[in-house]
Amino acid sequence: MGVIRKKDAELKKLVVIGGGAAGFFCAVNAARLNPHLQVTILEKGTKLLSKVKVSGGGRCNVTHHGLSITEMLKKYPRGQQLLKKSFHQFFVPDTVAWFKERDVTLKTEADGRMFPTTDNSQTIIDCLLKEADKYNVQVATGQEVMALYPGSTSPWLLELKGGKLEPAEYVCIASGGYSQMQKFHWLQQLGHSIAAPVPSLFTFNMPRHPITELMGVTVQGVQVKIAGSKFMESGPLLITHWGFSGPSILRLSAWGAEWLAEKNYQFQVIVNWLPEFNEHTLREAWQGFRSAHGKQKIYNKSPFQLPVRLWNYLLETAGILPGMRWADIPAKEQNKFIKILTAMEFDISGKTTFKEEFVTCGGVQLNEIDANTMQSKIKEGIYFAGEVLNVDGITGGFNFQNAWTSGWVAATAIASAATGA
């Protein structure tokens with residue numbers, strides 16, 4: 001049963017644009033903190049919390065455990081200055097406590113990612129929907145906002161597709177990231193400037209490259225560098241039927257998002273399959289491997305714990321013949337193999353969005369937002385939360401933590417403003 005409130009005419013109205021994580025978190029917390037707010041969520045699509053649903057393979061990677069604010073900020077290619085302030089208001093322990101208070105317990109996996117103990121994203125969705133119901137938050141799908149402008153009888157009017165007008169004292173824009181600049185037009189009309197949106201979190205395509213025949217092979221620890229840039233990441237790499245994926249690639253795509261867009265996704269990566277070595281140090285250590293394994297055939301077993309299928313592919317690429325023993329490798333092929341192991345070059349042509357977890361970098365410029373309230377510095381009563389801002393994180397729960405944090409900061413500021421109104 002919902003909370004009993006004043007009559008509708010006496011309530012201040014908050015309209016939240018966007019039925020995703022940030023929008024819901026703003027709406028339910030604002031409604032809870034200030035019973036004199038009438039809160040409505042407008043979602044242009046037919047589904048609510050769709051990214052929550054698909055995140056983490058359907059388990060919902062809610063946040064990331066064990067990092068200080070300083071360490072956490074390093075996981076965001078864009079938005080660090082704003083987050084530095086907002087994280088002091090609502091951070092990972094607050095997220096964990098918020099859900100725990102609502103009977104949703106989170107667990108931490110070995111890599112720091114946090115999931116509900118149910119391993120089911122529906123748990124998070126149900127929690128947020130229950131909270132919305134508890135505090136009388138109205139939720140409407142299929143409602144696209146076309147324009148936003150000052151009203152005569154209310155501070156703001158939202159013009160919906162079809163011509164309907166929705167009045168509001170406060171508006172929180174949590175519409176998510178847009179893939180095209182023209183979709184920000186209604187925000188530009190408010191006077192806000194936009195960092196051009198480009199994709200982040202995507203995999204690298206290598207059409208018809210022979211290594212793609214190894215699809216499904218995962219290499220746990222590699223180092224990948226984008227040639228001609230400063231961008232380099234280490235971690236697991238997954239070979240797919242279209243190219244490279246896995247955490248190391250997704251992190252690279254986030255950090256290099258703008259640079260790669262400028263290159264039209266035509267670039268080269270250099271893969272070190274043995275990041276504990278470089279070409280020089282492996283060459284120095286090679287004689288030891290030759291001595292230790294001299295009589296053994298080099299195929300079918302890697303002393304570096306590389307997957308057998310990959311090991312054999314790399315040997316073949318170096319021109320080392322099947323049946324050859326370690327002691328018999330000619331100098332030319334040995335040198336080529338060492339180079340391949342520590343600095344193998346791949347031409348990338350295009351990208352593929354990572355599953356359904358589409359993320360953009362770009363959005364509303366952060367110097368136009370008050371990080372302490374998430375309110376626009378240009379228009380009073382307009383707040384922002386989530387990915388519509390020029391903030392994005394790498395994979396691992398960081399984008400959701402930004403959603404919870406920005407939603408919370410906006411909610412508390414709106415609840416406080418409505419009290420003083």
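Taking the charge dipole of the chain about its Cα centre, with +1 at Lys and Arg Cβ atoms and -1 at Asp and Glu Cβ atoms, the residue from Gly396, Thr95, Val224 reaching farthest to the positive side is Val224.
Think of the chain as a dipole: +1 on every Lys or Arg Cβ, -1 on every Asp or Glu Cβ, centred on the Cα centre; then among Leu252, Val198, His185, Leu252 lies furthest on the positive end. Largest GNM mean-square fluctuation among Phe400, Phe204, Phe231, using the chain with Cα springs under 10 Å: Phe231. All C-alpha to C-alpha distances of the stretch 202-353, sorted into 10 Å bins beginning at zero, yield P(r) values of 11, 41, 31, 14, 3, 0 percent in whole numbers. Among residues other than Leu148 with Cβ under 9 Å from its Cβ, the summed charge is 0 (Lys and Arg +1, Asp and Glu -1). Check Ser193: other-chain or 5+ apart residues with amide H under 5 Å from its amide H, H built from backbone geometry? Those lying under 5 Å, H to H, from Ser193 are Gln365. Legend: calculated FRET efficiency, Lys164 to Lys85, from the Cβ-Cβ distance at R0 = 60 Å, rounded to 0.05, equals 0.95. Computed on the stretch 202-353, with alpha-carbon pairs under 8 angstrom and 6+ residues apart, the relative contact order is 31 percent.
Among Val222, Val15, Val359, the largest mean-square fluctuation in a Gaussian network model of the chain (Cα springs under 10 Å) belongs to Val222. Considering only Ile378, Ile348, Ile173, the mean-square fluctuation computed in a Gaussian network model of the chain, springs between alpha carbons under 10 angstrom, is largest for Ile378. Counting charges near Met344 (Lys, Arg +1; Asp, Glu -1) among other residues having Cβ under 14 Å from its Cβ returns a value of -1. In this structure, the residue pairs whose Cα-Cα separation is over 18 Å, taken from Lys130/Lys164; Lys263/Lys339; Lys44/Lys164, are Lys130/Lys164; Lys263/Lys339. Please report the spacing between the Cα centers of the stretch 53-85 and the stretch 235-270 in Å, no decimals. Here the answer is 20 Å between Cα centres. Helical content of the chain, expressed as a calculated mean residue ellipticity at 222 nm, amounts to -9500 deg cm²/dmol (DSSP H runs of 4 or more residues, -39,500 (n - 2.57) each, divided by residue number, nearest 500). Converting phi to 3J(HN,Hα) with the Karplus coefficients 6.51, -1.76 and 1.60 and the offset θ = phi - 60°, the stretch 323-336 yields x, 6, 8, 3, 5, 9, 5, x, 4, 4, 5, 4, 5, 5 Hz in sequence order, with x at every glycine or proline. Among beta bridges from DSSP that stay inside the chain, the antiparallel ones total about 70%. The calculated pair-distance distribution of the chain uses every alpha carbon pair, bins of 10 angstrom beginning at 0, and gives 4, 21, 26, 20, 13, 8, 5, 2, 0 percent.
I need the calculated FRET efficiency for the pair Lys263 and His293, taking r as the beta carbon distance and R₀ as 30 Å, to the nearest 0.05.
Given R0 = 30 Å and the Cβ-Cβ separation, E is 0.15.
Distance between the 7 Å Cα→Cβ label points at Lys53 and Asp111: 2.5 nm. Each principal axis of the stretch 1-128 carries a Cα extent, and these read 50, 33, 29 Å when sorted largest first. One Cα centroid belongs to the stretch 307-366, the other to the stretch 123-177; the line between them spans 49 Å. Between Gln305 and Glu213, the contour length at 0.36 nm per residue exceeds the alpha carbon distance by 31.1 nm.
Think of the chain as having a plus end and a minus end, set by charges on the Cβ of Lys, Arg, Asp and Glu; of Gly407, Thr419, Gly57, Gly57 sits farthest toward the positive end of this dipole. Its relative contact order, with pairs defined as Cα atoms under 8 Å and 6+ residues apart, puts the chain at 24 percent. Among the chymotrypsin sites (Phe, Trp or Tyr not before Pro) in the stretch 262-354, those located in a DSSP loop and surrounded by at most 15 other Cβ atoms within 10 Å of their own Cβ are Phe304.
For Lys107, the shell of other residues with beta-carbons less than 14 Å away shows a net charge of 0, using +1 for Lys and Arg and -1 for Asp and Glu.
Taken together, the values in this text are just the output of simple stated rules run on the coordinates, not laboratory data. What you see is a predicted model, and the numbers here were worked out from it, not measured in a lab. Cβ sites come from the backbone with ideal geometry, for glycine too, and all protein chains shown count toward neighbours.
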